[in-house]
Amino acid sequence: MKDTNVYDVLKERGFIAQVTGEDKIRELLGREKVTFYIGFDPTADSLHVGHFLQMIVMSHMQKAGHRPIAILGGGTAMVGDPTGKTDMRKMLTKEEIEYNANQFKKQMRNLIDFSDNKALMINNGDWLLDLKYIDFLRDIGVHFSVNRMLTAECFKSRLEKGLSFIEFNYMLMQSYDFLKLYRDYNCKLQLGGDDQWSNILGGVDLIRRVEGVEVYGMTFHLLTTSDGKKMGKTEKGAVWLDPEKTPPYEFYQYWRNVHDDDVIKCLRLLSFVPMERINELSKLKDEEINKAKEVLAYEVTKIVHGEEEAIKARESARALFAKGTSSEDMPSTEIPAPALKDGLGILDALIHAGLILSKGEGRRLIQQGGLYINGERANDPNLVISEADFKNGEMIIRKGKKVYHRLYIN
């Protein structure tokens, strides 16, 4: 039986957005073991759900025999990628970048095998921070047309507010990364989110001009909901891969509660569930779709946090839905005892717990019958809670049908 080309796997599962040449890339991936790279700018101390999709792609590629290079942008993070931003990013110190990069390494090892040089993790600060500026302009800058760069999507949104010169250098630096990796590791393919298309094209073009060879670029659809919004955001902020920032139970619940229209897409992109099984799950309708959501939540949590945590989160969620009772793994927020002395408004408590963003949102939630306290529907937006409302020092809040939260007194 002939081996499946990983390009076909990625295409069938719905990853691929744009490529510099479909037939050539597919032929290359079928012909030889290809070294490829994806960049991760360490601008936070954890990877998030958006990065997770890129890691899944790297895993698919590695399983097919290709070699991933994860570039940690210790150099580019000193500048900041203007892509998708209307304002200039905060510049990080070298110490912050190094700490963040080390956190990334721990999380990537859940999916990527770095043993025996099967994959590489390299910091582009190793070469970018020591560049001599005049030499860089003469050797690299000469190959870039300013007029052409200004037509790139990553710069267009910034032109009205003003694009700083330091950000303008970002495309040159990322393109130079590709050239450096081609020279040192025979890296022939750069992958990334679809918002990186302009930067990837810059690198492909630079290598053609400088080395006279053809290399390739491929982008993937960004992880968005069915209505086009970026996936991986909650009332509390991003859904992180670090269990200290997003506990496994909350992580599980995020995927358990995705919209019906998004569950099959997420199974294709964020799990290794075989397509035959996913196609079966796609036939489920109405309440039955919850079975697919449970598979999604379990599989993604298992990849990120391990099987033990995934099982624990699944069982906690099942017990919660069955009984509406407390769980140690339920998302929890501490309420200081002094805050309850003279009574605490329920809307203030919900904001404190991150369950609502404003009192207006809270009033609408209660008026629409969507808030429950210890199993009883709350009808009064002006309700004041006290210590007497806490059973054994805790209060169970349910928002809508699926979001549970525990308040506890300290």
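Keeping to segment 180-194, report how many residues are more than 18 Å from Leu72 (Cβ to Cβ) and either surrounded by 23 or more Cβ atoms within 10 Å (Cβ to Cβ) or not polar (S, T, N, Q) (or both).
Quick first cut of segment 180-194, residues more than 18 Å from Leu72 (Cβ to Cβ) only: 182-183, 186, 188-189, 194.
Next, only the ones that are either surrounded by 23 or more Cβ atoms within 10 Å (Cβ to Cβ) or not polar (S, T, N, Q) (or both) stay: 182-183, 188-189, 194.
Here the count works out to 5.
Looking only at segment 185-195, count how many residues are within 18 Å of Thr35 (Cβ to Cβ) and either part of a helix (DSSP H, G or I) or not assigned by TED's automatic domain parsing to the domain that holds Lys24 (or both).
Here is the first cut: in segment 185-195, the ones within 18 Å of Thr35 (Cβ to Cβ) are 185-192.
Still in the running and either part of a helix (DSSP H, G or I) or not assigned by TED's automatic domain parsing to the domain that holds Lys24 (or both): 185.
Adding up the residues that qualify gives 1.
Enumerate the helices (runs of 4 or more DSSP H) found wholly within segment 328-410, keeping only those where 3 or more residues are free of Cβ contacts under 8 Å to residues at least 12 places away in the same chain.
Numbers: elements: 337-340, 346-352, 359-367.
Qualifying helices (runs of 4 or more DSSP H): 359-367.
So which residues in segment 205-238 are in contact (Cβ under 8 Å) with a residue 40 or more places away in the chain, crowded, with 20+ Cβ neighbours inside 10 Å and among the β-branched types (Val, Ile, Thr)?
Thr219
Going through Leu201, Leu222, Leu296 one at a time, which residue ends up being closer than 30 Å to Glu27 by Cβ and part of a helix (DSSP H, G or I)? Working first, answer last.
Numbers: Leu222 fails: part of a helix (DSSP H, G or I); Leu296 fails: closer than 30 Å to Glu27 by Cβ.
Every option except Leu201 fails the conditions.
Among the numbered criteria (1) surrounded by fewer than 22 Cβ atoms within 10 Å (Cβ to Cβ); (2) assigned by TED's automatic domain parsing to the domain that holds Ile16; (3) touching a helix residue (DSSP H, G or I) at 6+ places or on another chain (Cβ under 8 Å), which single criterion is violated by Asp242?
Of (1) surrounded by fewer than 22 Cβ atoms within 10 Å (Cβ to Cβ); (2) assigned by TED's automatic domain parsing to the domain that holds Ile16; (3) touching a helix residue (DSSP H, G or I) at 6+ places or on another chain (Cβ under 8 Å), only one is false for Asp242: (2).
Residue check: is Lys11 assigned by TED's automatic domain parsing to the domain that holds Arg183, modelled with pLDDT of 95 or more, of a type in the set (Lys, Arg) and assigned to a loop (DSSP other than H, G, I, E, B)? Break it down into steps so the answer makes sense when it comes.
Working: assigned by TED's automatic domain parsing to the domain that holds Arg183: yes; modelled with pLDDT of 95 or more: yes; of a type in the set (Lys, Arg): yes; assigned to a loop (DSSP other than H, G, I, E, B): no.
Taking the combined requirement at face value, the residue does not satisfy it.
This table checks each residue for (1) within 25 Å of Glu22 (Cβ to Cβ); (2) at pLDDT 95 or above.
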{"residue": "Val215", "(1), (2)": "yes, yes"}
{"residue": "Leu222", "(1), (2)": "yes, no"}
{"residue": "Asp227", "(1), (2)": "no, no"}
{"residue": "Glu244", "(1), (2)": "no, no"}
{"residue": "Phe251", "(1), (2)": "no, no"}
{"residue": "Asp260", "(1), (2)": "no, no"}
{"residue": "Leu269", "(1), (2)": "yes, yes"}
{"residue": "Phe272", "(1), (2)": "yes, yes"}
{"residue": "Asn279", "(1), (2)": "yes, yes"}
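At pLDDT 80 or above and under 21 Å from Lys233 (Cα atoms), is that true of Ala339?
Working: at pLDDT 80 or above: yes; under 21 Å from Lys233 (Cα atoms): no.
Spelling it out, it is not the case that Ala339 is at pLDDT 80 or above and under 21 Å from Lys233 (Cα atoms).
Taking only segment 62-79 into account, find how many residues are out of contact with any Lys or Arg (no Cβ under 7 Å at 6 or more places or on another chain), in contact (Cβ under 8 Å) with a residue 60 or more places away in the chain and either crowded, with 23+ Cβ neighbours inside 10 Å or under 16 Å from Gln190 (Cβ atoms) (or both).
Residues in segment 62-79 being out of contact with any Lys or Arg (no Cβ under 7 Å at 6 or more places or on another chain), in contact (Cβ under 8 Å) with a residue 60 or more places away in the chain and either crowded, with 23+ Cβ neighbours inside 10 Å or under 16 Å from Gln190 (Cβ atoms) (or both): 4 in total.
Let's see how each residue does on (1) at pLDDT 85 or above; (2) in contact with a His (Cβ under 8 Å, 6 or more places away or on another chain); (3) in a helix (DSSP H, G or I); (4) surrounded by 12 or more Cβ atoms within 10 Å (Cβ to Cβ):
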{"position": "Thr83", "(1), (2), (3), (4)": "no, no, no, yes"}
{"position": "Thr86", "(1), (2), (3), (4)": "no, no, no, no"}
{"position": "Asn100", "(1), (2), (3), (4)": "yes, no, yes, yes"}
{"position": "Arg148", "(1), (2), (3), (4)": "no, no, yes, yes"}
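Go through (1) surrounded by 14 or more Cβ atoms within 10 Å (Cβ to Cβ); (2) of a type outside the set (A, V, I, L, M); (3) at positive phi for Gly393 and report which single condition fails.
(1)
Which residue pairs have Cβ atoms under 6 Å apart, sit 6 or more places apart or on different chains, and have a first residue in segment 41-59 that is under 11 Å from Val239 (Cα atoms) and in the same structural domain as Ala119 (by TED's automatic domain parsing) and a second that is of a type in the set (A, V, I, L, M, F, W, C) and assigned to a loop (DSSP other than H, G, I, E, B)?
Taking only residues 6 or more apart or on different chains, the pairs are Ser46/Leu241; Leu47/Leu241; Val49/Val239; Gly50/Leu223.
Which of the residues spanning segment 98-154 are among the polar types (S, T, N, Q) and in contact (Cβ under 8 Å) with a residue 60 or more places away in the chain? Show your work before the answer.
Restricting attention to segment 98-154, the residues satisfying the condition of being among the polar types (S, T, N, Q) are 100, 102-103, 107, 110, 115, 117, 123-124, 145, 147, 151.
Those that are among the polar types (S, T, N, Q) and in contact (Cβ under 8 Å) with a residue 60 or more places away in the chain: Gln103, Gln107, Asn110, Asn124.
Looking at (1) out of contact with any Leu (no Cβ under 6 Å at 6 or more places or on another chain); (2) under 23 Å from Thr224 (Cα atoms), find the lone condition where Glu27 falls short.
(2)
Given the structure, is Tyr182 in contact with a helix residue (DSSP H, G or I) (Cβ under 6 Å, 6 or more places away or on another chain), among the hydroxyl-bearing types (Ser, Thr, Tyr) and in the same structural domain as Trp127 (by TED's automatic domain parsing)? Quick ask: steps written out before the conclusion?
On the way: in contact with a helix residue (DSSP H, G or I) (Cβ under 6 Å, 6 or more places away or on another chain): yes; among the hydroxyl-bearing types (Ser, Thr, Tyr): yes; in the same structural domain as Trp127 (by TED's automatic domain parsing): yes.
It is true that Tyr182 is in contact with a helix residue (DSSP H, G or I) (Cβ under 6 Å, 6 or more places away or on another chain), among the hydroxyl-bearing types (Ser, Thr, Tyr) and in the same structural domain as Trp127 (by TED's automatic domain parsing).
The values are calculated or read from the model by the stated rules, or taken from the named source; none is laboratory data. Everything numeric here is computed off the predicted structure, so don't read it as measured data. Cβ atoms come from the backbone with ideal geometry, glycine included; neighbour counts cover every protein chain shown.
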